[in-house]
Amino acid sequence: MKKSIVMVASYGGPYGGNFIPSLIAYDEVVKELGYRSVYVFPDFVSDYAWVEEMKECADRLYFIPYQQYTLDNIKRIKKICLDEHAVLLYSRMSGWDITARLAMPRLTLIWHMEMGLNLTSIKSRVKYWIKYKILGFGKTYHIAVSDKTVDSINSLHVKNKCVWIPNAINLLRLHMKDALPYIQPIKLLTFAYQPTIKGFDIALDACEVLNKYYVMYELLASAQARTYEYIKKRYPESLPEWLTLVPPTDNISEIFDKADCLLCPSRSEGLSFANLEGLYSGLPVVYSNIPGNRILSDFKMTYCFESCNATDLADKIVQCTKTPISEEFQRENRELIEKKYSMPAWSQKIKEIIFKISNAQEC
């Protein structure tokens, strides 16, 4: 049987978003390099619509229980790798990183880190030192979506240095908005499915200040279960008149089309897909100064505020929405995204690293 690359992707999203298009682009790379493509997903996603897209391109799909550190899953992944003659294991979304390493300790493995890495406390530094230095033994290679996360992982003295490959976005699913003037109430958009991590509370604090006397800004919050739980505790009687919770949708342009400005008040994150999508759509972005967001300073119509500082966020929102949207700046942002953060640009970088790793193994 032809050799394969087995990807264990602990992705549980109900919609494909940008992640599934990135796997489809990756799949083409695997086949170009002469390997079969095999994927392992959590069993609860087997009925999701995006699975049908994966069936069209993948050579084989497996579904196993989403348990991170169990002997049963170690055995399952080992059997899949042996049955499929795996030459390389590739772990994305981090949930099965360690499980994959223990399943096939001698096989070449890539850990692709999608989130930021916080090493500010002794506890977190010890935790990640154990993961990357001790459990990331043997032929373990590292990719991170944030340049700061690359620095953090490499500071742990990993055997094979981490490389930076920023996330890509699927440009085909985005509308390009015109440079229209602001009309009050100005509509702010934020993604709040993880309220604390995404800084949803900070956005609410800022809007309470901005709308103290009358509604100048509406906040549209893309919400999931955790968002509703948080809102129920914060506003037990009724929602503020300026807040609208928007259900999740795979038609992301439907959300961007309603907004005038995108807020990214995250406390911790790699490079968010939403930021790039918002910029490509033509929206200005107000973002927190966390490491994962720092490449946003390369773009026009971006406004940086001090993380966790709601007053500064409110000030930057005002500064942003007092500045007219520029058609020229929209065009420059789109050109930069097409050059550096499109699926073709991303898949070329993935191809280069897989080719390098697979050649090194054969040598």
Those residues of region 19-72 which are assigned to a loop (DSSP other than H, G, I, E, B), within 26 Å of residue 3 (Cβ to Cβ) and touching an Asp or Glu at 6+ places or on another chain (Cβ under 8 Å) amount to 58
Scanning region 73-85 for residues that are assigned to a helix (DSSP H, G or I) and not charged (D, E, K, R), the one farthest from the chain's Cα centre (by Cα) turns out to be 82
Only unsatisfied item for residue 133, checking (1) touching a Lys or Arg at 6+ places or on another chain (Cβ under 6 Å); (2) farther than 26 Å from residue 351 by Cβ, is (1)
Within region 116-140, restricting to residues that are under 23 Å from the mean Cα position of the chain (by Cα) and farther than 21 Å from residue 269 by Cα, the one that is surrounded by the most Cβ atoms within 10 Å (Cβ to Cβ) is 136
Looking at the structure I just gave you, is residue 177 within 18 Å of the chain's Cα centre (by Cα) and surrounded by 17 or more Cβ atoms within 10 Å (Cβ to Cβ)? no
Taking region 293-311 and keeping residues surrounded by fewer than 19 Cβ atoms within 10 Å (Cβ to Cβ) and more than 23 Å from the chain's Cα centre (by Cα) leaves 309, 311
- Does residue 299 satisfy being touching a helix residue (DSSP H, G or I) at 6+ places or on another chain (Cβ under 8 Å), of a type in the set (A, V, I, L, M, F, W, C) and either closer than 24 Å to residue 165 by Cβ or modelled with pLDDT under 95 (or both)? yes
* Just wondering, is there one or more residues in region 144-158 that are closer than 14 Å to residue 89 by Cβ and either within 21 Å of the chain's Cα centre (by Cα) or buried (at least 16 other Cβ atoms within 10 Å of the Cβ) (or both)? -> no
Can you confirm whether residue 91 is touching a helix residue (DSSP H, G or I) at 6+ places or on another chain (Cβ under 9 Å) and small (Gly, Ala, Ser)?
yes
Original post:
Hey, does region 341-357 have a residue that's at pLDDT below 95 and touching a Pro at 6+ places or on another chain (Cβ under 7 Å)?
Top reply: yes
Exactly one of 150, 158, 87 is closer than 25 Å to residue 287 by Cα and in contact with a Phe, Trp or Tyr (Cβ under 8 Å, 6 or more places away or on another chain), and that residue is 150
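Residues are listed down the side, and each one gets a yes or a no for (1) of a type in the set (Val, Ile, Thr); (2) in contact with a Cys (Cβ under 6 Å, 6 or more places away or on another chain); (3) crowded, with 19+ Cβ neighbours inside 10 Å; (4) on the phi < 0 side of the Ramachandran plot:
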| site | (1), (2), (3), (4) |
| --- | --- |
| 41 | no, no, yes, yes |
| 68 | no, no, no, yes |
| 82 | no, no, no, yes |
| 85 | no, no, no, no |
Right, residue 114: modelled with pLDDT of 95 or more and among the charged types (D, E, K, R) or not?
no
Restricting region 310-326 to residues that are touching a residue at least 40 places away in the same chain (Cβ under 8 Å) and not in a helix (DSSP H, G or I), the one nearest to residue 262 (Cα to Cα) turns out to be 325
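The values are calculated or read from the model by the stated rules, or taken from the named source; none is laboratory data. Only a predicted model underlies this, so the values are computations on that prediction, with no experimental measurement involved. No Cβ is skipped: glycine too gets one built from the backbone with ideal geometry, and neighbour counts run over all protein chains shown.
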